[in-house]
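To start, the structure under review is shown below, and the notes come after it.
The values are calculated or read from the model by the stated rules, or taken from the named source; none is laboratory data. The shown structure was predicted, so the numbers you read here are calculated from the model rather than taken from an experiment. Methodologically, a virtual Cβ is constructed for each residue, glycine included, from the backbone with ideal geometry; neighbour enumeration extends over all protein chains shown.
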Amino acid sequence: MEFKEASLRERKIYYHEEWKENDVPQFIIDRITEREFAFDHDGNGYNDRYKAFDTIGSFSDFLIKNFPYAVCTSVSFYSNPKNREDWKGAELVFDIDAKDLAVKSCECKNGQVCEKCLAEAKEIVFNIKDTLIGDFGIKKLSLIYSGRGYHLRVNDSEVLSIERRSEILEYVTGSKRPKEIFLSHGYPAVYRKMFALTFAKMKEKDIPFNKNIVNKLLSEKNNIISKIMEGHADFLDFKGVGDKTLNDFLTHIEKINGTLVDGKVTVDVKRILRLPSTLHSKVSMKCVEIKNINNFDPLKDAIPKFVLERKA
Ligand SMILES: [Zn+2]
């Protein structure tokens with residue numbers, strides 16, 4: 001699969017023949033008048049900002065007329081979105097970009113994505129989603145394929161007004177050491193789950209220790225993972241691995257986990273985010289709301305028709 005940029009003609013075909021109002025998520029349509037819209041018309045950035053629409057119909061007319069390179073909306077709601085006045089809350093969002101994952105089991109270079117790391121991004125999304133539902137009681141959660149990764153968007157009314165979001169981010173990514181690692185529930189369980197998820201993908205180059213320790217950690221990987229998941233405090237009890245190495249190793253993985261989600265996106269409530277149903281022109285993929293994450297395959301479900309016709 002080639003992730004090639006869409007031409008102007010292809011964008012026009014997409015918005016004229018394939019894009020449908022129905023593919024815009026309900027959580028966008030419900031409060032469409034309170035969101036800021038932003039457009040990138042030529043691939044040079046979101047220079048056309050602070051737009052607002054009264055109806056989905058007028059937005060639709062705009063798309064058909066302009067077939068923009070990229071479309072975003074604010075995650076925030078405003079009484080007057082054109083001036084971003086009178087903030088009325090913001091969705092809680094998590095942005096997991098496959099191209100930015102620090103540890104992946106594929107051979108992608110920085111900035112590239114492939115089937116494998118897209119699947120690994122999806123696995124991270126799965127885990128964060130479970131934590132949001134299980135530990136935070138989140139109910140209105142939408143999963144979005146962003147074009148090169150995933151967005152989790154939470155619209156529960158209780159979270160919209162939260163202004164400090166960094167602690168939630170630490171919790172769901174397992175990027176802060178709990179006081180007690182082996183408690184069976186709550187944050188320690190999330191911490192161990194996220195530790196295992198990251199460690200499972202680590203290769204020699206991902207572990208900054210001497211060769212002996214690296215070999216030991218990698219050869220015992222499955223054993224270490226099942227021990228920590230089962231709550232055994234001696235999960236790293238090997239010859240040559242002392243408290244310092246244990247501490248350094250946990251710190252190293254916490255740092256990586258702190259980068260699984262683009263923290264700026266979660267913390268900044270003034271953020272704009274790609275609108276599901278629109279085209280990610282840089283890679284010629286659709287940004288789509290995912291109805292069933294288990295069956296979702298970006299290489300089937302997010303490929304615009306014009307890409308298939310390129311080969312013909
Ligand atoms: Zn990859």
Quick check on my filter: what residues within region 134-146 are farther than 14 Å from R274 by Cβ and in contact with a strand residue (DSSP E or B) (Cβ under 7 Å, 6 or more places away or on another chain)? I138, K140, L141
Positions within region 205-218 being surrounded by fewer than 11 Cβ atoms within 10 Å (Cβ to Cβ) and in a helix (DSSP H, G or I), in sequence order: K205, K211
Which numbered condition in (1) in contact with a Phe, Trp or Tyr (Cβ under 8 Å, 6 or more places away or on another chain); (2) away from the ligand (no atom under 12 Å from the Cβ); (3) at pLDDT below 95 is the only one that A102 fails? (1)
Starting from residues that are over 18 Å from the mean Cα position of the chain (by Cα) and under 23 Å from S76 (Cβ atoms), keep the ones in region 160-184 and report whichever is surrounded by the fewest Cβ atoms within 10 Å (Cβ to Cβ). R164
Can you name every residue in region 73-99 that is under 28 Å from L8 (Cβ atoms) and surrounded by fewer than 21 Cβ atoms within 10 Å (Cβ to Cβ)? K82, D97, K99
Region 1-110: helices (runs of 4 or more DSSP H) wholly inside it with 3 or more residues that are in contact with a helix residue (DSSP H, G or I) (Cβ under 8 Å, 6 or more places away or on another chain) and assigned by TED's automatic domain parsing to the domain that holds D301 are 56-66
Has region 128-147 got at least one residue that is under 23 Å from C108 (Cα atoms) and in a helix (DSSP H, G or I)? no
Restricting to region 70-99, and then to whatever is among the aliphatic types (A, V, I, L, M) and within 16 Å of the ligand (Cβ to nearest atom), can you tell me which residue is nearest to K282 (Cα to Cα)? A98
